[in-house]
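The values are calculated or read from the model by the stated rules, or taken from the named source; none is laboratory data. A quick note: this is a predicted structure, and the numbers were derived from the prediction, not measured. In this analysis, Cβ positions are derived from the backbone assuming ideal geometry, glycine residues included, and neighbour counts consider all displayed protein chains.
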Amino acid sequence: GTMLVGGQDMERQEKWSKAEEEQTRKRICEELKIEFAEKASVAAHQSSSFSQLVEVVASMLPRIAPNVLIQKREELLPVFLAVLQARPAPALRDTLTHSLFNLIKKPNPSQRATIINGYVALASAAGESVTGEELLPQCWSQLEHKYPERRALVADA
C-alpha cells in the first residue's frame, strides 16, 4: 500500500515538475517576445536599416535558441549562418559563433556537415584575418570537448 502511495506521489511530483517547467518556458518565451518586439520597434523607429535589424536578431538569437526544442534546433542553423554572414558587431559575432557551435549538444553527421559548410562559407566570405581571429578559436575550443561528436565536428572541418 505505501509503495503505491509513494509511487503516486512521485508521479504527481513529476507531473508538477513538468507543469512548472512548461510554465517557466512559456514565461521566458513571452519575455523574449516582448523584448524582441521592443528592440525591433526601437530599430524600426531609429532607422529601417538592414544593419540594425541584423544587430537585433544577432542579440536575440542566442537567447531564443535555448528555448527551442532540442529536436528543432537544427532548423536555426541557417538563421545563425545568415546573421553571421551579415557581419554584426564583433562581440555579437563571437557570441553567435559560440552559440552556433553549442546549438546541438551531440551533432549527427548531417548536422555536422551543415555546421561545417556554414563555417566554410563564413570563412571564405570573411577573409583570412577574421577566420584566424574569430572562427578558428571557436573550432579549437571544441577539440577538448567531452562529447566525441563535438570533437568530430572539428575533425570534419
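A few comments on the model shown:
- Residues of the stretch 89-144 that are farther than 17 Å from Ala155 by Cβ, surrounded by 14 or more Cβ atoms within 10 Å (Cβ to Cβ) and hydroxyl-bearing (Ser, Thr, Tyr): Thr95, Thr97, Ser99, Thr131.
- Selected residue (criterion: modelled with the lowest pLDDT) from residues of the stretch 22-38 that are over 15 Å from Leu69 (Cα atoms), within 19 Å of the chain's Cα centre (by Cα) and surrounded by 11 or more Cβ atoms within 10 Å (Cβ to Cβ): Phe36
- Matching residues in the stretch 1-21 - criterion: being among the aliphatic types (A, V, I, L, M) and at pLDDT below 70: Met3, Leu4, Val5, Met10
- Restricting attention to the stretch 60-71, the residues being assigned to a helix (DSSP H, G or I) and modelled with pLDDT of 90 or more number 8.
- Applying the condition of being of a type in the set (Gly, Ala, Ser) and assigned to a helix (DSSP H, G or I) to the stretch 116-139 and asking which residue is nearest to the chain's Cα centre (by Cα) yields Gly118.
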